[in-house]
Each structure stands twice: as structure tokens, then as C-alpha cells.
1. Viscosity 0.890 mPa s, temperature 25 °C: what is the translational diffusion coefficient of region B:41-93 from Stokes-Einstein with a Kirkwood Rh over Cα pairs, rounded to a whole number of µm²/s?
2. Peptide B:98-109: average number of partner chain Cβ atoms within 10 Å per residue?
3. Give me a single rounded figure for B:3-11: the average over its residues of other chain Cβ atoms within 10 Å of their Cβ.
4. Taking the Cα centre of each part, how many Å lie between region B:40-119 and region B:179-211?
5. For the residues B:VAL40, A:VAL106, A:VAL7, what sequence is obtained by ranking on other C-beta atoms within 10 Å, fewest first?
6. Residue by residue through A:60-73, how many Cβ atoms from other chains fall within 10 Å of the Cβ on average?
7. For region B:4-210, what's the relative contact order in percent, using C-alpha pairs closer than 8 Å and at least 6 residues apart?
8. Which of the aspartates and glutamates could a cross-linker span from B:LYS45 if the Cα-Cα distance has to be under 16 Å and same-chain partners fewer than 8 positions apart are dropped?
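Nothing in this text is a laboratory measurement; each read-out follows from the coordinates by a stated rule. Quantities reported herein were computed from a predicted structural model and do not represent experimental measurements. A quick note on method: Cβ atoms are made from the backbone with ideal geometry, for glycine too, and the neighbour counts reach across all protein chains shown.
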Amino acid sequence: MPTQDFVVLSPAVRQGQITSPSVQSPANILGIRFTLNLLLADKLATGLTASLHVEHSVDGSTNWLPVCGFGWTSYGPAGFRTNPDPFLTFKPTAFPSEFFRAILDVPQSLSVGATITVTT
Amino acid sequence: MAVALDANATTDVTGGGVSTLDLTTLTVGSGSNRALVAQVTFNVKTVSAITVKWDPASTNQTVALIKTANGTGSDGRADLYGLVAPTSGNKTLRVSWTTASDIVMNAVAWTGVDQTGGVTSFPNSTSATGTSVTPSVTITSAVGNATMDCSANPLNTYSAPSKTQTFADFNGNVVSAGSRAAGAASNVHSWTITSAAWVSVGTDILAAGAGDTLFGQACL
């Protein structure tokens, strides 16, 4: 199944609440994945946090509604398995041809980006 | 009053390497004797200090653990959580825990449920584990009640549910699925997978007034 990555927020040192540009899901979408792109050093740090929430909209400009979200805490020096970039998936077929965007909340300075991967 | 389906979440949600997960795709209706059941699976079996909240931004209702069990393989934990009288509306269901894990979550709203809460409203919870191609859990129930299951394994996609599928997901490092059914004396919730170490949990959902009827019969 073909996938396409949309880097909606380029990795950069960020802090506060950041809203990504939106991506419209194609009519034949099968899957969608939101990934928080982090540095390994930050993933192995202690006490760093961030959250990502996904919103959807019929027209991409108004009435954004929440779909889902996650909170991430840095894995610490021992790491977590392969130290993945935290991610979120759901079934976008429930929202055909709608627009999605990510809302990042970064309470402390952190190098972070966001990618939306669409599978058709 | 029989237990009746109110709503299933529009989509389940999977998180990877996270420590909280929000699902905002369930709308609880305004029917009487409402209940909410969350189906949750983790890949990390040792996750701890789990809290599940409905509408955390406002009424902040605690969704209590009904049943948890670990699989016998390296990964895989399945949980069911229940709440009576959930606040109506399209709210957030939030699960939080310590240490990172992959997680899958779905939720189902019901009406016609006994409003006592706890094991009275969600009786006969049970679990099963195995290494086979047929994850299965048998739930003691009754006509008028409803039953739900939730199953997890580390590897293989679920198919061929014996009951009505509420979700099935394979996007993380835990593969899971759940189903629901109208109550009967004994409900078998089974699936088909490629052989793996699986774990399934199940619960009965007691109909409003069912306990009164049983009590009345006992007095007679």
C-alpha cells in the first residue's frame, strides 16, 4: 500500500502551543499516522513532555473538532525498546475527504517536528 | 429493561511510545440508565497507575477497572473499564499511566444498564489466555444483558469474530480487537488469528431492573 509523508512541522526548537497546517485526506485513504519527530537525546532525557492532539474539519477552515491525542514523557536514560518517535493512528475512513491538523503542546523548550503519513 | 447499544466510537485509536491517550470519537446519548465500557490493550504488561477518565475537562468521571489480564507471551495486556451514568455528549475518554507503552483504545456506550456501578453493573468478568489460532473467552450472562470482550496478542491480526466487532487494530506493537453481543446464558466471544500467545477479557453488563427481578424471585 503506498504511503506519503507530509512534514507539517519541520523539526525545530519549539515551546508552547503550535498548530500545524492541515492535510486533506484523499478519498481512497486507508490509514493515517501522526508522528512527533524527536531527537534521540531528548527521548533519553528525564522529565521532558509534549502532547499531540488531532483535529478534523469538513472544510479545513472552520469548526475543527477533536479526534484523539496523546501525551509523551521522555523515556529516560534506560530508553524504551527501540526508542520510537511517539505516534498516533486511527481509522480515517470515518472522516472521508476531511482535513486533519495536529496541535502540539510543548511545555518546555524541545526540538520537535510533526509528520502526517497517509496510506492509500 | 434490556441493555441496548447507544453508540460505538467512530474509530478506535492507537498510540505508540506514549503515556496518555485521548479518544474523542464517542458520543454518549441522552437515553436512560447509561453506561460506558472502554476496551484497552497495552503491549507493555507492566504498565501501572492506570487511570481512565471520561470528560476530564469538565465532569471528570472515573471509569473503573472491570477486568485486566496479561498474555503469556512477551507482550500483551487486555483491560476493560466501566462507568455508569456517563455524562452525555461527545467528550474525551482519557487513559493515563506511568512509563511508555503502545496502546489501543475503543469505547462503547449503552443504555438500559443497572446504575449501581462496579461489579453489580459489570458482573461475571472473566479472562482467558492461550497460544493458539482461536482467542476466546466465555462470559456468563443472561437474556436482557449484554457482553463485551477485548483481546490482545503481540503479532497477528484478528478476524472472524463470533460476535459483533467493535474494533480491530494492528497499527502498533500490540494487535487487538473487541466485540459485543446481546446477553445469553453463556456467550462465547472468539476470534481467529495466526497462532500467537493471546489474552482475552470479558464482562457481562447487567440490565436495569434485572437485579430487582432476581431479588423478588428469591423472596418468593
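1. For these conditions, the coefficient is 198 µm²/s.
2. That works out to 2 on average.
3. That average works out to 2.
4. 17
5. Neighbour counts put them in this order, fewest first: A:VAL7, A:VAL106, B:VAL40.
6. Mean number of neighbouring Cβ atoms from other chains: 5.
7. That works out to 27 percent.
8. Within the straight-line cut-off, B:LYS45 pairs with B:ASP75, B:ASP79, B:ASP102.
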